[in-house]
Each structure stands twice: as C-alpha cells, then as structure tokens.
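The structure appears right after this line, and notes come after that.
The values are calculated or read from the model by the stated rules, or taken from the named source; none is laboratory data. Note that this is a predicted model, so its numbers are computed, not measured. Cβ placement follows ideal geometry from the backbone for every residue including glycine, while neighbour counts extend to all protein chains displayed.
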Amino acid sequence: MIAERWINWIVLLGFVVLPLWALFADEPFTITLATRAVILALAAVGLNIALGIGGLVSLGHAVFFGLGGYAMGILAHHAQTYAPLELGPLVIEGTKSMPIIWVTALVTSALAALVIGLLSLRTTGVYFIMITLAFGQMFFFFSISWSAYGGEDGLSIYVRNDFPGLNTLQPIQFFGLCLAVLCLALGIHSRLRTSPFGLALNAARQAPERVETVGLNPMRLKLLAFVISGALTGLSGALFADLNRFVSPTMFSWQLSGELIVLIIIGGVGRLMGPVIGAALFVALEHLLGGLTEFWLVWLGVILLLIVLFARGGIIGILTGKAGPNV
Amino acid sequence: MSEPVLATRNLKKAFGALQATDDVSIDLRAGEIHAIIGPNGAGKSTLIAQICGGYRPDAGTVHLAGVDVTSLSTAERAQRGLGRTFQISALAMEDTVLENALLGAVGHARKPWRLWGAVERDRSLRDRAMEALARVGIADLADQITANLSHGQRRQLEVAVALTLAPKAFIMDEPMAGLGAEGSKVMTTFLDGLRSEAPILLVEHDMDAVFALADRISVLVYGRVIATGSVEEIRNSREVREAYLGEEA
Ligand SMILES: Nc1ncnc2c1ncn2[C@@H]1O[C@H](COP(=O)(O)OP(=O)(O)OP(=O)(O)O)[C@@H](O)[C@H]1O
Ligand SMILES: [Mg+2]
C-alpha cells in the first residue's frame, strides 16, 4: 500500500509533467484538456470542504460554478461592448482583469452560499440534497430567461481575460495560472482540515450532538464550511468560463452538481487529492471514450458503481488501503 | 445549604400518551454526587436530555448556578457549565481518541473559528486534552481510532471529554456500563474524587457503585420521583423496595 502523501505528490507532479511534455511535443489540445481537469478539480476541491469534511451533500454547487462563470461573462461582456453595467444610479465598468473578476466571483458565490446555507442547513439528509437542488434549478431557469446576457444561448467572450505579468492567450501560461490557484485551494483544504475549525467540523459530521455538548454550534460550523466551499467553486467557475471564453446556463445545471459529487466519490471523499484524481479521470475518460461512443458517461457510471460497491474511499482508498483519511 | 448548582422544577415531558418525566424536581448541590436510579424506561435519560437541552420540556424549569437556562440551546448550556456524558456513546468514531478530547478542549477554549494552525500543535489545547485522557486512564490510547475502542473505553473517553470542559456540574448517564468489575471499581474511585471539583448527577444501574458513591439518591419510576434521600434511607424505604429494588431481588 502506498502512503497518501506520496500519491498526492505524484498526482501533482503528473499535472506539471504532462502539460510540459505537451508543450514540447506541440500538442496544445492536451494542455487545454489538462486545464479543464485542473479547473474541474478546483470546483470539486471546493465542494469537498462541504461534502468531505462537513458531510454536506450539496446537489446545488453548480449555483456557485455558474455565478463565477457569469461574474466573468458579465464583466467581460461590458468591457468588450464598452457599455458600462447600469444598476439604477450605480454604474459599473466592465473589466478584462482576472483578479477583479476573481474577487467578484468569490464574493458573489460566498454571499449566495451564505443565503442558501442559512435556508438549507436547517434540514439534513435527503431534504438538504433536495433544497440545494432546488436552488440550483432556480438559478438555472433564471439564467435561461435572462436575455440581457444571452439567455439560453449564453454569452461569448472574444478574448481571454488578462492577468498581470502573464500572456493568458498562451495555453501553457493560462494552465500554470489555473494550477497555481488549484494548489492554493489544496493548501486551504489541508490547513483547514487540521485546524480547530476543521476538527470541529469533522466532528459535526460524525456526531453533531457531541459538538453541541462541548458548547459549539454544529450548524454555524457547517455554514462557514458551506460559504468557503461555495466561494472556491465560484472561483473555478470564473476560470472555466475563461477557458472556454463562453458562459451559458449549463454551468448552473444539476448535472454539473452531480458530476462534481461523482468526481469526489471516485477520487475519495474527504481526501485532499480525491477531487483532483477524480477530475483527471473524468476528463481523460471524456476525451478517450467520448470520441468512440456518445455513451461514455455510462462507463463513468460503471466505474462509480464499482467504487461505491467495492472500494469505500475511492481510488485513494484502493491505493492506500484506507477507507477514510484516518481509518 | 447554599443555592444548588443545578435545579429542576416540575419538569414534564410526554411522548404521545407516554409521560416520560412527570413533575421532576431535583437539586444538585456543590460537592455532592446525586444518583438517579430507576428501572429501564423510567425516564432517566429523558430527564438528562431536558437538563442538557436535547429535549424542550413540556413544562417546568432548569436552573444552572441560579440562572434559568430552560430556553437555552444545548451548546449555550454547555458553555455555562454543563458537562455531559451519553448513555449511548456520541463520539467522532472515525477520529482518534486524542481528537475527540481535543474537540472538548476547542469547545472549552471557544476556538472553533480558528481556520489556520494545526490543532494538535496548539500546546494549551493538547495539554488539556492529554491531561483529561490521563485522568481517566486512557492516555496510552490517544492515537487509536475511536471506533476500535471497547465499550468500556468509550465510556472513559466520554468522561474525559466532559473533563476537558471543566464544567460546573457533571451529568453522567451510565458511565459504568460495559466497564466490567475491575473498570467499574477504578471509575468509582475516580468519580469519588471528582465530586470536589464539580458535583455529579449520576444515572447508574450498577448499584454497588451507586451505594458506594451517592450522597443522595432519587428514585425515578414511571417518570416520577418516588423518593429522595441518603443511601440508608433509600435502602430502607419500603416503597422503593417494592417499586424498584424489589424487582432486582
Ligand atoms: N424520542 C422518544 N420518542 C418516544 N418515546 C421515547 C423517546 N425517548 C424515550 N422514549 C420513551 O420514554 C420512556 C423513558 O425513556 P428513557 O430513555 O428516558 O428511560 P431510561 O430511564 O433512561 O431507561 P434506561 O435505563 O433503559 O436507559 C421509555 O418508555 C422510552 O421508550
Ligand atoms: Mg437511559
């Protein structure tokens, strides 16, 4: 059995070596695929904080992914049309600056997570899943009817946004930027997990009544986890939109929320690199099988089924021989 | 006698037609162990849940250190000094023994909003947790996964977590269950010394332990307190023997 720490480093190394190879072999599409995997991994790393540590099965994380996407789409749209966004007396200039877009995505999705969390954390189990799903659908249908930003057709952004000091039009540079953000998010997860907050959150998942009897409020712990989680997934949405130079209501779809959960389960729930491994496998299968058959998702389903039935702890669980981070 | 540390007045709780506690008024005074005994289903755990905030009583009040806490949440009552152990262990089973004790230390220090810095490297939290484990005799199990502990060891861990809170009053629901004869003796000696730190409301089926420890005993039958008194008084009460002790003989 392999120690989890080694697996983590090997996976990260893979994410450095493969795109560099692609760069020298002149395979830009591979770099784009790797970027896609990194961004999906970031979305799932965000969800993993709520799901893996806090036990919150959110089927509405596409809300944050979509909000991040539209934060990018709307700001860049106003910049490329040279028409500021007018909200009554408030006039907001569009921007092509990634840092400003990222902050907007983080703040918007954190606020949305706060409101959604406050309303849905009163419930648990299947009711929590249903309420978060309902919020997702609300945003989905709203975005479809929002004709100012393309409605069902979505919004195209002609040129990728800027990051100071980088040429983001070069796939490898944009990839590196996304990888750096992912590493930052992984750092946040790992720090959080071992902090007093992480300890309490992790206990709130397993034994909420115990957490209460030591004088802590499990709901507030889960709410903060949900907000941090939503913010990170929101940031990934902004990057995803920038990768495709396109946003559309599908970013809000419940299928996306479901896929994020599936990625985490395949990689390993609550494990630091679980979402990263899951996302890499997802994108690889999508690319390799997607060309052969339209039904490649069936094969993903089979893998998911096998893992749920026979390998608690996902791929990391199989490799380490440990079903959970501790056991 | 000064004001009791913990006092319930006329607590009532019904589950449908079943009156689980009926007009229960008991006091817990500084320095004492007050045992609650009664047959299975008498309402002992329900009483504890009302004291600690798990169930809202249908009627009656709970006072802690003179303050009415009846409308407070479980967490707020814990912050004000209730240290509880559960009859059915409520522990983070996937976590280590030390992590469970650390949770108590984090609660006591009110540090749950620290998002940075490893909890195990926080000296003061770690010392408090390890000290509590050492006091109940399971310091050597600190790195074990809680799910791998025996029933008795989980009981000890429950008590250790309560210790990390340095509460004003301990509320213990069957801390001896599953400990075995030897473990029971050790725990009895431990609780005997603990009462000088904070009084203990002790629900327990192990009569040897109860008679050895209790300053006062209340007998609960069908949700009602049928007698409160010293060990001698309870042992010699005909009513109690008929209603409860008689069953065991
Ligand atoms: N949540 C509940 N809903 C319905 N009935 C309940 C509930 N909790 C307890 N009861 C019932 O209330 C009565 C008192 O239960 P309680 O657990 O307080 O007894 P106890 O004295 O602690 O018993 P034991 O010695 O077995 O622990 C029992 O008849 C039990 O079945
Ligand atoms: Mg009971």
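Scanning for something surrounded by 20 or more Cβ atoms within 10 Å (Cβ to Cβ) and within 16 Å of ligand 1 (Cβ to nearest atom), does the range B:128-135 turn up at least one residue? No, every residue in the range B:128-135 fails to be surrounded by 20 or more Cβ atoms within 10 Å (Cβ to Cβ) and within 16 Å of ligand 1 (Cβ to nearest atom).
None of A:Ala44, A:Ala110, A:Ala62, A:Ala71 is surrounded by fewer than 23 Cβ atoms within 10 Å (Cβ to Cβ), closer than 19 Å to A:Ser257 by Cβ and under 19 Å from the mean Cα position of the chain (by Cα) except A:Ala110. Filtering the range B:42-74 to residues that are aliphatic (A, V, I, L, M), in a loop (DSSP other than H, G, I, E, B) and within 16 Å of ligand 2 (Cβ to nearest atom) leaves only B:Ala42.
Among the criteria (1) out of contact with any Pro (no Cβ under 7 Å at 6 or more places or on another chain); (2) of a type outside the set (Asp, Glu); (3) at pLDDT below 95, the one B:Arg114 does not fulfil is (1). The number of residues in the range B:180-231 that are free of Cβ contacts under 8 Å to residues at least 24 places away in the same chain and either within 13 Å of ligand 1 (Cβ to nearest atom) or among the β-branched types (Val, Ile, Thr) (or both) comes to 3.
How about the range B:187-211: which of its residues are among the β-branched types (Val, Ile, Thr) and either surrounded by fewer than 21 Cβ atoms within 10 Å (Cβ to Cβ) or at pLDDT 95 or above (or both)?
The answer is B:Thr188, B:Thr189, B:Ile200, B:Val203.
Among the criteria (1) in contact with a Leu (Cβ under 8 Å, 6 or more places away or on another chain); (2) within 12 Å of ligand 2 (Cβ to nearest atom); (3) among the hydrophobic types (A, V, I, L, M, F, W, C), the one B:Ile33 does not fulfil is (2).
Modelled with pLDDT of 95 or more and either aliphatic (A, V, I, L, M) or under 25 Å from A:Phe226 (Cβ atoms) (or both): does that describe A:Ala83? For A:Ala83, the condition - modelled with pLDDT of 95 or more and either aliphatic (A, V, I, L, M) or under 25 Å from A:Phe226 (Cβ atoms) (or both) - is not met.
Answer yes if at least one residue in the range A:100-108 is of a type in the set (Ser, Thr, Tyr) and modelled with pLDDT under 95, and no otherwise. Before the answer, list the steps.
Taking the range A:100-108 and keeping what is of a type in the set (Ser, Thr, Tyr), we get A:104, A:108.
The next check asks that each one be modelled with pLDDT under 95; those that pass are none.
Within the range A:100-108, none of the residues are of a type in the set (Ser, Thr, Tyr) and modelled with pLDDT under 95.
Total residues in the range B:75-109 satisfying the condition of being more than 7 Å from every other protein chain (Cβ to nearest Cβ) and in a loop (DSSP other than H, G, I, E, B): the figure is 6.
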